[in-house]
1. So how far apart, in nm, are the two label points at Glu374 and Ala405 if each is 7 Å from Cα heading toward Cβ?
2. For region 246-310, state the average projected area of the convex hull of the C-alpha atoms over all orientations, rounded to one decimal in nm².
3. Across region 239-247, in residue order, what do the Karplus-derived ³J(HN,Hα) couplings come to in whole Hz, using 6.51 cos²θ - 1.76 cosθ + 1.60 with θ = phi - 60° and x for Gly and Pro?
4. Enter the accessible area per residue of region 25-131 (Å², integer; probe 1.4 Å; all protein chains in place).
5. Just to be sure I understand the model, the point goes 7 Å from the Cα along the line to the Cβ. What's the resulting Glu295 to Ala86 distance in nm?
6. Run the quick spin-label model on Gln127 and Arg235: label points 7 Å from Cα toward the beta carbon, then report their separation in nm to one decimal.
7. Once the whole set of protein chains is in place, how much accessible area is left on Arg294, using a 1.4 Å probe, in Å² to the nearest 10?
8. Amide H neighbours of Thr51 under 5 Å, counting only residues 5+ apart in sequence or on other chains, H built in-plane at 1.01 Å?
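The values are calculated or read from the model by the stated rules, or taken from the named source; none is laboratory data. In this text the structure is predicted, and so the values were computed from the model without any measurement. Note: ideal-geometry Cβ built from the backbone for every residue, glycine included; neighbour counts use all protein chains shown. Surface areas here come from the heavy atoms of the whole protein model, side chains and all, with no ligands, DNA or RNA. Shrake-Rupley method; radii C 1.70, N 1.55, O 1.52, S 1.80 Å.
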Amino acid sequence: MTPTEIIRRCGFRHTGRTTGRRVQFVYKAPGLPSDARRAALRLVHDRRAQTFQAMVYMKDRTLVFDTADVRDVAALALAYRNWLEAPHVVARDAVRSMWTSAGGVPLPFHGPDGDWATRVDPEGTEQIANPVECWGVLYEAHRERWLRALLGAPLRSPDADYLAAAGFEPKNPHDRYASDYLLKSRPLQDCPDMRDVWSRGLLEFHLDVLTSSDGGSEYAIRVEFPAEGLWHVDRRYLDFVSSDVRDILALVVAAENWWFEREGARALPEQRLGTVPGTARDIPNFFGRPGADREWNGRTIHGRTDLHHPHETWGHVFVAWRDRWAELVLSAGDPVPCGTFSSTKCLYHPIFESDMSAVVGTGSGVCIYDGGEEQPVALLRSRGYPDLLPIGLRIVEDRLRTMPAERRRDAGVEREVLAAITCARSTHAPAPGA
């Protein structure tokens, strides 16, 4: 990723002002309400020197922060947003805090008095102190973890493997240089009243692989919904462009979920759903409008909607779900179907498939696959995932129950997780009569 792309992932938007080698950005965090902005955060990127200068403008103060590390930019933007939002909102999402032995620190750029930690330089400028001076390796780990949360895990296989696992096929299989793909999906095929393969429940995903301005691959996808009237012009289209193939897989599942749900209230398998941090509220469509995911978030003209990128609305929440879903599809080789009647339903947890998975301890947290209730969890370290992953009891029990007998005998990691959680529960159980 280029520095500009990373800056945009951090929540900054180009102001349109460029002076020589210096480019200006303004912070517009995903999902941050406009009435929460008590100040303004701006960033100047020196493209030649590869340095960054951030300015926090308040009513009677201007704070300046200089760094050559883009991870500091990400961490400062996060601390700024945490400062604007209510503490209970920040506390819902553990990823947004720096973790120490005493608990989470949402504002590592602040001092003990709760204000920004600053010093005045010889020019009279109030400079924000770099948190590495106060927190050391704790802050360094925090800024690395947060940037990875924004950018996502590294791809585990070539892009073509992800597309093939999701069901995309070359439109012209005899031309090895062809760069366009087609996926036909029938989300309603498992419903009792929709078993006809020629039903109107057919979605078509047309994908073109393009070359971006920096020489990399870029994917342009069009989703074609069935006509809802008598004429072909009644069809609806979604258009979306991304340089990450996992974003394409995310749009596919979002469109299928949307089409499946529009026929009436039906339950979707939990693997197809994201979760609002700290709650049990499901997100079936990250590409929808915030708070109204039945409406697509984009610019609509004559039945065609150019979608906004979910990064701009959901940030790291979308990235975490997108990476899990893409890993599931790639490893399982068969996406989880929408319909609850399907004979090909699967319960799959990609972390357990890695030979580098290991239980490193237990704790009290929120299982990423088990709603929003706090519970004893096992902490796993796994290849391709930068953080320890909290795994709850239910996903392990369900996985062991649905696993073939011959595989259950070799389910070493699953049994380690089960034993660790059982031990943690017995250790923290209240004494008789307490």
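1. A separation of 4.3 nm, rounded to one decimal place.
2. Projected area, direction-averaged: 4.9 nm².
3. 10, 8, 10, 7, 8, 10, 4, 5, 5
4. For region 25-131, the per-residue accessible area is 48 Å².
5. 2.3
6. About 6.0 nm separates the two model spin labels.
7. 90
8. Asp46
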